[in-house]
1. Are there trypsin sites (Lys or Arg not before Pro) in the stretch A:3-54 that DSSP puts in a loop and that have at most 15 other Cβ atoms within 10 Å, and which ones?
2. Determine Rg/Rh for chain A; Rg is computed over alpha-carbon atoms and Rh is the Kirkwood hydrodynamic estimate from the same atoms.
3. In a Debye calculation with equal point scatterers on the alpha-carbon sites of the protein assembly as shown and no solvent, what is log10 I(q)/I(0) at q = 0.05 Å⁻¹?
4. Taking the Cα centre of chain B as origin and charging only Cβ (+1 Lys, Arg; -1 Asp, Glu), how large is the dipole, in debye to the nearest 20?
5. With contacts defined as alpha carbon pairs under 8 Å and 6 or more residues apart, what's the relative contact order of chain A in percent?
6. Using the crude model of +1 on Lys and Arg Cβ and -1 on Asp and Glu Cβ, and no other charge, please compute the dipole size for the stretch B:202-296 relative to its Cα centre, in debye to 20.
7. Stokes-Einstein at 4 °C, 1.567 mPa s, Kirkwood radius from Cα pairs: D for the stretch B:136-274 in µm² s⁻¹?
8. Please average, across the residues of A:69-76, the number of beta carbons from any other chain that are within 10 Å of each residue's own beta carbon, and give a whole number.
There are 2 protein chains.
Amino acid sequence: MNKKLITNCDLLSFTNGKAEVFTGQDILIEGDRIQAIGDTGSLKVEPDVENIPADGLLAVPGFINTHAHTPMVLFRNLAEDVTPTAWFNDYIWPMESNLTEEDVYWGMQLGMAEMIENGITSVADHYFYVDTIARAVEDSGMRANLVWAVFGHEGEEKVDQTVEFIHRWQGKADGRITTWLGPHAPYTTSPEFLAMCARKAAENNVGIHIHVSETQPQVDLSLKEYGMTPVKQLKETGVLDVPTILGHCVYPQDDDFEILAAADTGVAIAPRTYMKHATAVTPIDRYWELGIPFGLATDGAASNNTMDIMEQMRLMALYSKYKSGDPTQMPISQVLDIAFRGSAKVFRQADKIGDLKPGLLADIALLRQDGLHNLPKSDPLAALVYSMRATDVDTVLCNGKVLMQGRKLLTLDKERIRKEVQSRLHRLSQRVPSARIAYYPT
Amino acid sequence: MNKKLITNCDLLSFTNGKAEVFTGQDILIEGDRIQAIGDTGSLKVEPDVENIPADGLLAVPGFINTHAHTPMVLFRNLAEDVTPTAWFNDYIWPMESNLTEEDVYWGMQLGMAEMIENGITSVADHYFYVDTIARAVEDSGMRANLVWAVFGHEGEEKVDQTVEFIHRWQGKADGRITTWLGPHAPYTTSPEFLAMCARKAAENNVGIHIHVSETQPQVDLSLKEYGMTPVKQLKETGVLDVPTILGHCVYPQDDDFEILAAADTGVAIAPRTYMKHATAVTPIDRYWELGIPFGLATDGAASNNTMDIMEQMRLMALYSKYKSGDPTQMPISQVLDIAFRGSAKVFRQADKIGDLKPGLLADIALLRQDGLHNLPKSDPLAALVYSMRATDVDTVLCNGKVLMQGRKLLTLDKERIRKEVQSRLHRLSQRVPSARIAYYPT
């Protein structure tokens, strides 16, 4: 079996939920797994093992993006300084009506190339043309949980097609691809539709990745139309009886916390999107107290502009301190626990990723620590949260395979992606309101 | 005279306060000035002019850092998750008691190297051992307004020494260095001391760079001790009769706004520091309404962790939208106006820097636009605020001289800086409370 030895790195690992950095470590990888970790030179290896020199680099678990619409990088920087309603109805949903399957393929390639450059090895993605997306994931070497976004007006037939997609792709690409169902949101579906999705998810033994309570008007609309919050509706329709990833859940109401704490769920948070769209920011202090798992997400680049989990990590820390009025809140150890362990829980693979230990999958980002913005080298954990940046990522492995080394992408063709994406911009950026793919209710 | 031609860049310039990007431009530089700007190939130049190819790069005015303690990069990542009081009394002021003049020289070199990498060409710096800092600035090629920080307990003699410093360095380094007075803050000086500084500033025809109203307790203390706000005290002591840069001014009270609007002042804001220390964030919406100039700052890296003005620009935008509850607030055009024009006003050189036009000083950052995180290339202004990052800075000129090209620093020795700074860490990070340089009152 293919073996690799990462030599002489500093290594971040969690002990009782607390990140520690061990200097001068070697990591032996066999196939898709971390086989052993030890002081540099201490591991017994055959002479023919592939060596990945990592002197002075910091090895961290590959970053996990718990909620994204990766192909939306195609719409990057095209919907600025607008309200969420205008963002949906006047920009994104009209522009998305232009999308072809091939556009989505190249958007997915671009977004994954960007994520790999940023040290991200896993993504929970929620979009359209997901067979195409799965093919792109297979080629890229990344790990992904994929769902096909479905609106209520597309009907049961569409959901059945996404069930077929699930069967085509579940566990494929050497186990890197997992598939769930993806009804879009309570406000774009009916309770009956959600119940139907929950039933099919249970029948097919998969979970549901869905948007919920992103804005206060969404909650108000639900209360008015259905007499219950969107979270309560997820419970009533059976959605919360299967494992779920909840995109955002920024506005849970009082009883919602109890519902979430009792469910097999995880919340994906994207602080940059919330600040930019001037919503509140997900009440993660309450989620933390109640043990409701949450992790970091970039959302789509049409709102968040980049696919940078390290920036979301830093924003979460800064925002949490600011909001609490107490700079000792959200200390570095908690930030890292959320970014790696919390995100792995939301991704439902906390037993496989989000830490660096023998037996876990070899999803690893190696970061340079010698950037001027990071000197002098002192506390590596403080550096990871507050002074390092995505461009410090030097080398990325996923499932034991090297996807980037010395910042050179090995599985994706950067030049081809550039050309393909740029050539599509003019057509994709046309806005034809009458052709929008859905309507955002207000 | 030394001539340079930057060819075929995209160019950001302001027309009636609004940033526009012109594609396919050449910039002719003669000595320290921009001589002419025109469509690529249209400028008449002698054959021996030095060519700086900039195909596809975006030329922007060099970023301006309006309030920094640059050598504090030496204390980066060493005072995390603490209150402002502990930050001063238990970390920074004890650690600063370890500083030697040579430490400050290397800290200044590191901080300037980092700033040049981040596209920053001007800094208003507030620190100690400023003759040494001035020498470092002279060597680096950057532009700087320098003040020697003085606490009240150091007395008039110390202020007179800083006046001598002013005369030694005013206008030196081809005009790149300007010097002012730097009493530390109202809470570390007395009204008499401030009045004495104001008198000496007026006599020497210079301004004052000072911290004011950084926290609510500082305002409360001033009201209790002196019966007036710190801003009012600056007015009463005559400080506001000379030009001023006010570091932070996060907590102006009602009458303070009127005082500030009537003064020849500018406020330096560092949103990242405020969020991290969980203070409020400077009420820039009011400053904007009242026409009080404000600009971006990194403060010291002991609180802000990096010297990255592009990140402060993005944080200001995100924070302002969030705070107002309206995502249409702080639109891209306003963000850029503040980042470039506002900062140049605070730096008191709005007639010379902060824009790219014939006759202005040749302080220019050339940014790559082809990073994956920035594709497809569509709206360059949205990209500049929301998707580009400091590592996209490719080439930097200040005062007509190239300080970095293709990300290679030309005036500073990165390897030497690394070694010098790292070798000092252990000694500098010792905390000896009894030796702290000042005491933060609570």
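The values are calculated or read from the model by the stated rules, or taken from the named source; none is laboratory data. A quick note: this is a predicted structure, and the numbers were derived from the prediction, not measured. Quick reminder, even Gly has a Cβ in these numbers, built from the backbone with ideal geometry, and neighbours come from all protein chains shown. Each accessible area value is taken on the protein alone, full model and side chains, heavy atoms only, with ligands, DNA and RNA left out. Shrake-Rupley method; radii C 1.70, N 1.55, O 1.52, S 1.80 Å.
1. Numbers: sites: A:3, A:4, A:18, A:33, A:44; in loops: A:44.
Within the stretch A:3-54, the qualifying trypsin sites (Lys or Arg not before Pro) (loop, at most 15 other Cβ atoms within 10 Å) are A:44.
2. For chain A, the value is 0.96.
3. -0.28
4. Around 580 debye, computed over chain B.
5. After rounding, I find 24 percent.
6. With only Lys, Arg, Asp and Glu charged at Cβ, the dipole is about 400 debye.
7. 84
8. 3
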